[in-house]
1. For the structure I just gave you, tell me whether G211 is modelled with pLDDT under 80, surrounded by 15 or more Cβ atoms within 10 Å (Cβ to Cβ) and not assigned by TED's automatic domain parsing to the domain that holds P92.
2. Out of all the residues in the range 99-147, which are under 23 Å from A88 (Cβ atoms), acidic (D, E) and not in a helix (DSSP H, G or I)?
3. May I ask you to verify whether V130 is loosely packed, with under 14 Cβ neighbours inside 10 Å and within 30 Å of F178 (Cβ to Cβ)?
4. Just one of L64, L14 is aliphatic (A, V, I, L, M) and under 23 Å from M197 (Cβ atoms); which is it?
5. Go over the candidates K76, K118 one by one and state the one that is among the charged types (D, E, K, R), loosely packed, with under 12 Cβ neighbours inside 10 Å and farther than 26 Å from L182 by Cα.
6. Could you check, for the range 97-116, whether at least one of its residues is in contact (Cβ under 8 Å) with a residue 40 or more places away in the chain and at positive phi?
7. Among (1) surrounded by fewer than 12 Cβ atoms within 10 Å (Cβ to Cβ); (2) not in a helix (DSSP H, G or I), there is one condition V21 misses while meeting the rest; what is its number?
8. Working carefully through the options K76, K146, find the one that is more than 26 Å from H207 (Cβ to Cβ), basic (K, R) and at pLDDT below 90.
Amino acid sequence: MQKPRYVHALVSYLAIPVVMVVGVALASLIDPETARDHADYARDYRLLELARAAVLAAGAGLMLVLWVATCYLVLKSRQRSLYWLPLAATGPFGFIVITLLEDLSPAPDDRYQQFIGKLKIYWRIPLEIVIFIAVWLLAYQCVALKRELMITYTSFATGTPVATIIAEQNASSGMYAFGEALETLYLMVLLYLLWPMAFNLAGRFLHPRSGRTQEAQGQSGA
């Protein structure tokens, strides 16, 4: 089992897109044009504009807090110094560096930490390069699959030919490319968070007896 703080880090990270969707939805409900029937249209329009901007800013601020909290909780779960926390400012790539740090107080049944703790540096570096490439490719393929599914769904729901939808997206290729790049980076961080958990889960299924032995040893030692 992962440490509670690590699970909290995962929950914090998963909350980021929820906050974004809710914030955008709330901001879309604030329409400054509703002030056109008011006596002081200009003032009310500005107030509604400020309210909408405040909702978006609050959402962005909360997402930033959740991001920093994710990095903080990962560091605390591994008993690492908070001097590493400024890496959060560098985005997903800084977070990847944080995930490479070994746990200074691993749980007795944490097979992932046991595995990387035994690796020599000349094996650890190639392994992390392979993991990075695999994570990037998997995240990219997930985004590409989502794009194809959305095109198919939109075509089915609206009756618009697939070729027309693709042509419209190509006309705004820069915007779509930027959005998909953000989605890919988000999935990369999520996969890096899930990777140790998946490793440990696979180990428990493949070697259940050794897992029970390690837990028993940990309990007896405590």
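1. On the way: modelled with pLDDT under 80: yes; surrounded by 15 or more Cβ atoms within 10 Å (Cβ to Cβ): yes; not assigned by TED's automatic domain parsing to the domain that holds P92: yes.
The answer is yes for G211.
2. Those that are under 23 Å from A88 (Cβ atoms), acidic (D, E) and not in a helix (DSSP H, G or I): E102, D103.
3. Yes: the conditions hold for V130.
4. L14
5. K118
6. No, the range 97-116 has no match at all.
7. The number of the failed condition is (2).
8. K146
The values are calculated or read from the model by the stated rules, or taken from the named source; none is laboratory data. Note that this is a predicted model, so its numbers are computed, not measured. Because the Cβ atoms are built from the backbone with ideal geometry, glycine has one as well, and the counts that use them run over all protein chains shown.
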